[in-house]
1. Residue under question is A:Phe101, and the condition is that it be more than 11 Å from chain B (Cβ to nearest Cβ), in contact (Cβ under 8 Å) with a residue 40 or more places away in the chain and buried (at least 17 other Cβ atoms within 10 Å of the Cβ); does it hold?
2. Looking at the structure I just gave you, is B:Val130 modelled with pLDDT of 95 or more, part of a helix (DSSP H, G or I), within 12 Å of chain A (Cβ to nearest Cβ) and exposed (fewer than 15 other Cβ atoms within 10 Å of the Cβ)?
3. Is there a residue being under 17 Å from A:Tyr39 (Cβ atoms) and at pLDDT 90 or above anywhere in segment B:23-42?
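The values are calculated or read from the model by the stated rules, or taken from the named source; none is laboratory data. All of these numbers come straight from a predicted model, not from anything done at the bench. Note that we place each Cβ from the backbone using ideal geometry, even for glycine, and neighbour counts take in every protein chain shown.
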Amino acid sequence: MSALGFKNSLGIHPTTMQLRASRAEVLANNLANADTPNYKARDFDFNAMLEAESRRSLEMNVTDERHQRGTVNVDSELMYRNPYQPSIDGNTVDTQMEQSFYTENALRYNASFQFLNSKFKGLKNALSSQ
Amino acid sequence: MSLTNVFNIAGTGMNAQSIRLNTTASNLANAQTVSSSIDETYKARKPWFQVLEKQWDDVDRLNRKLEIRSQVGDGVKIAGIVESDAPLQKRYEPFHPMADEEGYVLYPNVNVVEEMTDMISSSRSYQMNVEMMKTAKQMLQRTLTLGQ
């Protein structure tokens with residue numbers, strides 16, 4: 001295995017960034033529905049999703065809705081958050097918590113970006129003749 | 001790309017909150033609009049928030065990665081604006097030009113204190129949506145500089 005293939009050299013970071021972007025959407029949706037009665041806040045287990053995503057190479061292709069998924073399909077669907085303090089209208093969005101999760105997620109996205117960027121810089125360095 | 005979806009979600013949130021602010025403004029402006037019959041009296045208006053369900057896409061459905069996103073809504077929508085059922089305030093003001101035969105005028109069922117807190121709440125929620133959009137914008141802008 002050469003370290004210079006895109007797949008090998010970039011490592012886990014592209015997947016991480018994709019998942020972080022997905023999580024940003026989920027959390028953004030929670031925040032947008034902070035005033036919607038009966039809305040239940042959602043989130044997913046990031047670590048479990050990342051593990052499932054990085055093992056995805058073993059999975060089978062799905063070209064039809066009725067096809068069975070591959071064996072490594074970790075059941076990591078969206079979950080409902082346990083509210084710290086349930087509100088009277090049935091809404092479980094804890095705005096401050098969601099906001100901190102959202103910000104943390106964005107920061108970690110930027111961290112992954114930094115890693116990915118330096119990987120690309122390294123590759124560019126290796127490619128250019130000095 | 002899910003980060004561009006954050007823009008849509010924040011946009012629906014801002015839209016919903018500004019409509020809520022509009023109803024509050026209308027309620028406050030009409031808080032003293034009197035009338036002599038129940039039908040003609042202004043009633044407090046409240047927006048009815050609902051989750052905006054994601055439009056299903058066949059291509060989305062086939063892609064497992066997109067599956068988690070498809071379960072998430074697509075922001076918030078105003079399902080309608082409802083008039084409050086709270087009782088109207090009947091006041092005895094016999095010299096009021098709008099008073100009925102018995103000397104009563106009807107004031108709207110607008111609770112001014114409630115409207116003020118609603119106003120602050122919607123303005124804060126609006127700000128939150130703006131911040132959310134700002135963060136998503138920064139994330140996307142950084143992503144565009146990848147490899148530079």
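1. yes
2. yes
3. Within segment B:23-42, not a single residue is under 17 Å from A:Tyr39 (Cβ atoms) and at pLDDT 90 or above.
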